[in-house]
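Values in this text are rule-based calculations from the coordinates and carry no lab data. What you are looking at is a predicted structure, and each value in this text was computed from that prediction instead of being measured. Methodologically, a virtual Cβ is constructed for each residue, glycine included, from the backbone with ideal geometry; neighbour enumeration extends over all protein chains shown.
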Amino acid sequence: MSGSDKTRDLAGQRVLVCVGGGIAAYKALELVRRLRDAGAEVQVAMTAGAQQFVTPLSFQALSGQPTRTTLWDGAAEQAMGHIELARWADRVVIAPATADLMARLAHGLADDLVATLCLATTAPILIAPAMNHRMWQHPATRANLATLRERGIQVVGPNDGPLAEGESGPGRLAEPEEIVAALSGATLRAATVPQDLAGLNVVVSAGPTYEDLDPVRYLGNRSSGKMGFAVAASAARRGASVTLIAGPVQLATPTGVARVDVRSAAQMHRAVFAALPADIYIGAAAVADYTPREPAANKIKKSSESLALDLVRTPDILAEVAAQTQALKLVVGFAAETNNVAEYARRKLEAKRLDMIVANRVGIADGGFESDQNAMTAYWKDGERSFASAPKTQLADELIDLIVERLNA
Ligand code: C5P
């Protein structure tokens, strides 16, 4: 399915975009443009804070409708009352959802137009949080997030990466295309997502592993876990019972997925085998190949000019899963390569006795480890399929399509 096919289900949908007061408010302009491109009818409501970052006029130009900014605007209320606007919406999107806005929603406040609209609507709400990473990780925000999730509010992002204040971490607004994809995915899901993995147990590994050298240092890698999390989310949407074995990443647990957090390759190995038997294993984790023979009990001190680490091989989880006697229906591996992608991938397919391997090139500008986008190719014994560069959430759906095809082949 191409990107435009994927968003076709937004055509004719009435989407109310609520903009919160954060620097990411400027990205909501692009969101409105993309929603209109997808054929949605869009109205925009802004908090007072949002108006400090972007003008209502910019949204008006892009939405083609007057932007709503306050409960106390007589003329706007006469044209369409706020309760009417809340009822008008088929979908509500809050982008960026600030910590303050999330707190107000969680507590059911109606102290401004946006909060009132969210309380008054019966339409499904999707929030795209964006804030400083410390605010995102604060127990108060975590608790508000859990409350909102429990109420069925869909959450997209935040993504990990550089933040406005020169810091880095989870807190970046999801990209407009991800928000649109999530919105259209949810609409599509409500209507037509095939439950073609119903009754199947799927185990997915994701993220890096950290191998401790001493109490303060570890060997790790740059895997973000985004691809594995997207695959787990996609499999769950298609009806599978999904267990996600997650290395150390700061990503939200996808809806309906059972998550087990681990740190090292050895812990991941134990957790994966504890989650079996399963029908499908998808090894998307970037498992460390080597781990210190003995992590030092105390912090290693500087003494000489060089330091040699004594490392030993970790268990190859994927190869062991593929080799075990319990018959899985499909074992899928991932391969991140910097060169000779096809050749190395096919070699791994054979050496590890996999049913399929999904390879991508890392070290290129657009895509790979830390990106939200990727391009990849899946190889199996007598075939291959290339996936053009797309958001990882979309690639995950397309990969699950292929997995279903291979299961039935
Ligand atoms: O051999 P390489 O590490 O490139 O293979 C990558 C694939 O193998 C990934 O699917 C990864 O999850 C899996 N793997 C594993 N255990 C290891 C190393 C890699 O499961 N120790």
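Rounded to the nearest 20 debye, the dipole magnitude of the chain is 480 debye, with +1 charges on Lys and Arg beta carbons, -1 on Asp and Glu beta carbons, and the Cα centre as origin.
Using a/c under 1.5 as the rounded threshold, could you call segment 3-191 rounded, prolate or oblate? The axes a ≥ b ≥ c are square roots of the C-alpha gyration tensor eigenvalues, and prolate needs a/b larger than b/c, oblate otherwise. Judged from the Cα gyration tensor, segment 3-191 comes out rounded (a/c under 1.5). Taking a point 7 Å out from the Cα of Asn298 in the direction of its Cβ, the residues of segment 194-231 whose backbone N falls within less than 20 Å of it are 212-218. Listed by chain and number, the lysines placed with their C-alpha closer than 28 angstrom to that of Lys392 are Lys6, Lys27, Lys226, Lys329, Lys348, Lys352, Lys381; residues fewer than eight positions away on the same chain are left out. Computed log10 I(q)/I(0) for segment 1-83 at 0.21, 0.23, 0.26 Å⁻¹: -0.95, -1.08, -1.24, from the Debye equation with unit scatterers placed on every C-alpha and solvent omitted.
Cut-off 17 Å, label point 7 angstrom out along Cα-to-Cβ of Ala388: give me the residues of segment 219-258 whose amide nitrogen falls inside. What the label zone holds, given the 17 Å backbone N cut-off, is no residue at all. Evaluating 6.51 cos²θ - 1.76 cosθ + 1.60 at θ = phi - 60° for every residue in segment 261-278, the Karplus couplings come out as 8, 9, 10, 9, 4, 5, 5, 5, 4, 4, 5, 5, 5, 5, 7, 7, x, 8 Hz, glycine and proline recorded as x.
Going by alpha carbons, how many degrees (0 to 90, nearest 10) lie between the helix axis of 392-407 and the longest principal axis of the chain? Roughly 60 degrees between the two axes. Against the main long axis of the alpha-carbon atoms of the chain, helix 341-351 sits at an angle near 60°. Helical runs assigned H by DSSP (4 residues or longer) give the chain a calculated mean residue ellipticity at 222 nm of -10500 deg cm²/dmol, each run adding -39500 (n - 2.57) before division by the residue total. If you take the alpha carbon atoms of the chain and fit the smallest convex hull around them, that volume is 155 Å³ per residue. For His107, His133, the sequence from fewest to most other C-beta atoms within 10 Å is His107, His133. Each peptide in 149-161, 275-287 receives the mean, over its residues, of other Cβ atoms within 10 Å, and ordering these scores from highest gives 275-287, 149-161.
Packing here is the average count of other Cβ atoms within 10 Å per residue, and on that basis the peptides 228-237, 69-78, 209-218, highest first, run 228-237, 209-218, 69-78. Label-to-label distance for Ala146 and Ala79 is 4.3 nm, based on points extended 7 Å past Cα in the beta-carbon direction.
Counting neighbouring Cβ atoms within 10 Å and putting the fewest first, the residues Lys348, Lys299 line up as Lys299, Lys348.
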